[in-house]
Structure formats: structure tokens, C-alpha cells
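Take a look at the structure below.
No value in this document is a laboratory result; all are computed from the given coordinates. Since the model is a prediction, treat every value here as computed from it, not as a measurement. Cβ placement follows ideal geometry from the backbone for every residue including glycine, while neighbour counts extend to all protein chains displayed.
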Amino acid sequence: MPDPFRFLTAGESHGRTLGVTIDGVPAGLALTEDELAVDMARRQRGYGRGARQQIEQDRAEIVAGVRHGRTLGSPILLLVRNRDWENWTAVMQVEPLSEADAAALRAAVDGGDKRSTPVTRVRPGHGDLAGALKYGHSDVRNVLERASARETAARVAAGGVARAFLRELGVEVWSYTAEVGGVAIDRERPWRSREETEVASLRCPDPDAEAAMIARIDEARTNGDTVGGVFEVVATGVPIGLGSYVHWDRRLDAALAAAVMSINIVKGVEFGLGFEQTRRFGSEVHDVIEGRADGEWPHRSNNAGGLTAGVSNGQPIVVRGAVKPISTLAKPLPSADLITGAPVEQAHYERSDISVVPAAGIVGEAMVLLTLARFVLEKTGGDSMTEVSESMARLRQRLATPLPPPTIGATVVGAAERAESAAGSGGDD
């Protein structure tokens with residue numbers, strides 16, 4: 001059976017449109033373009049974004065798979081139009097160039113038009129060189145148009161569908177900016193509310209840290225440079241039991257790590273304390289389980305980030321993505337020419353942002369949403385929202401029901417015997 005909630009995106013940064021097809025969405029899910037527009041707008045905001053965000057006003061158009069505001073169970077097709085396409089129609093046209101078209105482009109190149117000029121000066125840190133050599137392109141335009149982070153607009157549109165699905169099941173996903181340019185939030189200081197954070201310049205819950213982050217972005221802008229950072233995604237309402245320890249490719253943590261790592265600019269992923277766990281003793285790391293209470297299993301801490309042995313453990317899932325500085329610099333680094341192989345003083349410059357950490361967090365939300373939606377459907381099954389909702393309710397009820405005592409053969413092992421038994425020598429997770 002194909003994976004539920006699988007998706008594929010298509011389109012180039014300056015092409016006519018971006019598209020995404022989502023397969024395996026249950027029938028009967030309420031879905032409108034206005035719902036999808038919320039996250040599309042959130043992706044475009046944030047201090048340090050470039051001029052492209054003033055050109056585009058992203059909106060996902062539902063083309064197929066929905067009728068009268070409800071999903072049909074068939075593949076959903078979403079389109080996100082590129083308004084900037086109007087400025088790139090000749091350079092990015094799909095049809096073969098006629099002699100007249102080619103002559104016009106050559107004349108534009110001779111006249112110094114940068115859009116029309118083939119790109120051969122590869123950018124350090126970008127996919128230019130590796131992509132061109134892999135596919136045999138002599139014009140890096142063929143690489144950068146697809147390797148561009150513009151593609152993530154289609155992912156966010158798909159994530160909006162997953163958000164609508166998970167919200168009906170009591171699962172919420174949110175993100176915030178945790179670090180920019182080496183300036184990190186202080187978890188001991190009072191934080192803004194989620195609502196206040198959402199409208200803040202960097203979507204950072206720590207106002208003091210945010211002010212210092214903005215100063216770092218301004219410093220980078222002045223120097224013709226860029227800065228990276230860290231976003232944190234939190235998923236609440238996730239039931240115990242998504243994923244599995246049985247096989248490597250069924251682990252929820254592995255799937256989430258791959259999903260977040262697939263974002264163009266992300267170079268590292270952490271769960272909970274992440275690498276900080278390597279600097280502490282085990283007694284300071286592992287989350288003490290308080291015991292069953294009101295049908296749930298609360299922990300004293302959440303250093304594991306809601307995941308143990310590849311399985312959700314009922315605590316909030318906490319995922320962080322490390323965002324590298326953007327590869328395109330206003331003061332380009334030295335590089336080399338793709339065709340001649342000779343060094344050049346400056347790499348190619350394409351209009352760019354200074355920092356995209358808040359936007360990357362929205363893309364991170366989308367990838368977490370799409371991954372959780374897939375694992376929920378693998379757990380619950382169901383072709384319609386009615387079936388899925390009923391199955392999720394049964395799962396939550398079962399998790400809240402005490403388990404029967406263990407037996408050896410037909411004999412129940414009592415509490416006293418269990419308390420005196422020694423743990424086995426099984427491996428760690």
C-alpha cells in the first residue's frame with residue numbers, strides 16, 4: 001500500500017507556477033483555500049527577508065481533489081502562482097526558442113541584461129556546481145531555479161492540508177525562532193505568548209533575544225553578508241504509539257529527522273535536548289515517568305523531545321532545525337567558472353534574503369505536519385475522516401485503559417514478585 005499523505009512538488013523559482021500533488025488524504029476533510037492561505041502568509045514574513053516577498057503574495061489554489069469544501073479521497077492538486085514570472089517569461093519559457101526568440105535573448109545578453117545571461121560563476125555553499133555537473137548543465141540557471149527555497153512554498157501549501165487533517169484529531173504543530181546569528185533565546189526569562197510571538201518581527205518568544213537577533217541581521221546586511229540560526233517545532237496532542245522500534249525505516253524520529261533535514265537550508269536536526277545530552281550524566285537527561293494519571297503518562301521533563309525508541313511517548317514532540325547562512329551574498333565570495341574552470345573574484349549574485357529563520361520554521365512545521373499525518377494514518381487506517389476519527393478515539397481510549405497484569409503461562413505474576421525482579425540485559429534505544 002502506498003504511503004498516505006505522500007506528496008510531490010513541481011515548478012521553478014521564476015517559472016509560471018509551483019505545484020504540489022498530495023495523495024492518500026481521507027475523504028470528508030473540510031478544506032478551503034482561505035485555510036491554506038494562513039501558513040502561506042506566515043512563510044513570507046520575518047525580519048531579514050528580501051524583495052521577492054514584496055513581489056509575491058502567495059496563495060494556494062485548490063485545483064483538484066476537493067468538492068464543495070470537502071476532500072474526495074482522490075489526489076489533491078494545489079497551484080501556487082509566481083507573480084515574478086511576468087519578468088522572466090522569455091528566460092524561463094517552456095516552449096523551444098524560435099530563431100527570433102533566440103536572437104532577442106542574445107541581444108538582451110549583449111545589452112547587459114542579467115536575467116538573460118547564462119549563469120556560470122558557481123556560488124559557494126549552493127547546489128550550483130554539484131547540480132550542474134550531476135545533470136550536465138552548462139547554465140546554472142537550470143539548477144538554481146529548482147534548488148531555490150522558492151520550492152518550499154509548495155511544501156507549506158501541502159502542510160496546510162496536513163494541518164487541517166491533524167487539527168480534527170487534536171494534534172497541533174507550531175514553531176518559533178530559537179537562535180539567529182549566535183544569539184539564542186533564554187528559557188529562564190519570561191516569554192511572550194504564542195499569539196504575541198506570531199506577530200513579532202522574528203517570531204521569537206524572547207523579546208530581549210529578538211532585539212539582539214535583529215541587530216545581528218542588520219550587521220550582516222551592512223556587511224553584505226547573511227546569518228543562519230535555529231528554529232524549533234513543537235507538536236502537541238500526539239498520542240503514544242506513532243512509529244515503531246521494530247525496523248529502522250518505521251521509526252518516527254528517523255522520518256521526522258529526514259523530513260526536516262530535507263529543507264533546502266537545514267544542516268542539522270535535534271530532538272529535545274539533542275546534542276546537549278552528550279554533555280550531561282544520564283541521571284540529568286532521562287525523563288522520569290511520574291506514573292499513570294487521568295489516563296495519561298506524564299513525565300517530569302521532556303529531554304527526549306517526545307520520542308523514545310522511535311515511538312511517540314505522549315509528550316510534546318520537539319524538533320529543532322539548524323539553518324545555515326544563505327549562500328547568496330550581496331558581497332559575493334570568490335569562486336570558479338563552471339565552463340573554464342578558472343577562479344573568479346566573485347560568485348554569481350541573485351536577489352537574496354539576509355536571514356530566513358522564521359520562514360524556515362514555517363517550512364519545518366509543514367514537514368513535521370506531513371510526517372505526523374502519514375504516521376497517524378498508518379496507525380489508524382481509514383479512507384474517510386469518519387473512520388479515522390473513530391479509530392483515533394479508540395486508540396486514545398485504549399491508551400487510557402490500564403493494562404492487565406503479566407502472566408507466565410496461566411499464572412499471574414503479582415506486584416510483589418514484579419517489584420523484586422531484576423531488569424534484563426536488553427539493549428538501549
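Listing for the model above:
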read-out	value
Within a Gaussian network of the chain (alpha carbon springs, distance under 10 Å), most fluctuating of 404, 239, 26	404
Per-residue HN-Hα couplings for the range 86-96 [Karplus 6.51, -1.76, 1.60; θ = phi - 60°; Hz; x = Gly/Pro]	4, 8, 10, 4, 6, 5, 10, 4, 7, 6, x
Cubic angstrom per residue, convex hull over Cα atoms of the range 307-429	281 Å³
Over the chain: helical MRE at 222 nm, DSSP H runs n ≥ 4 each giving -39500 (n - 2.57), nearest 500	-10000 deg cm²/dmol
Approximate spin-label separation residue 416-residue 70, in nm, with each point projected 7 Å along Cα-to-Cβ	5.9 nm
Estimated vicinal HN-Hα couplings, Hz - the range 293-304 in sequence order (Karplus 6.51, -1.76, 1.60; Gly, Pro = x)	8, 6, x, 10, 10, x, 10, 6, 8, 9, 5, 7
Cα-based Kirkwood hydrodynamic radius, the range 141-190, one decimal, Å	14.3 Å
Integer Hz, Karplus 6.51/-1.76/1.60 couplings in order for the range 37-46, x for Gly and Pro	5, 4, 6, 4, 5, 4, 5, 8, 8, x
Neighbour-limited loop hits for trypsin sites (Lys or Arg not before Pro), the range 262-344 (at most 15 other Cβ within 10 Å; DSSP other than H, G, I, E, B)	280, 292, 300
Length-normalised contact order of the range 129-240 in % [C-alpha pairs under 8 Å, at least 6 apart]	29 percent
Order by protection proxy (mean Cβ within 10 Å, highest first), peptides 143-156, 105-118	143-156, 105-118
Stokes-Einstein D in µm²/s, Kirkwood radius over Cα pairs - the range 62-156 at 4 °C with 1.567 mPa s viscosity	80 µm²/s
Lysine pair count for the chain [Cα-Cα under 25 Å; pairs on different chains or 8 or more apart]	6
Enclosed volume per residue, in Å³, of the convex hull spanned by Cα atoms of the range 1-159	158 Å³
Shape parameters for the range 196-274, alpha-carbon atoms, Rg then Dmax in Å	16.9, 52
Amide proton proximity set for residue 47, modelled H, under 5 Å, gap of 5+	202
Amide hydrogen neighbours beyond the local backbone of residue 64, cut-off 5 Å, H modeled	77
Semi-axis lengths, Å, the chain, gyration tensor of Cα atoms, sqrt of 5 times eigenvalues	44, 26, 20
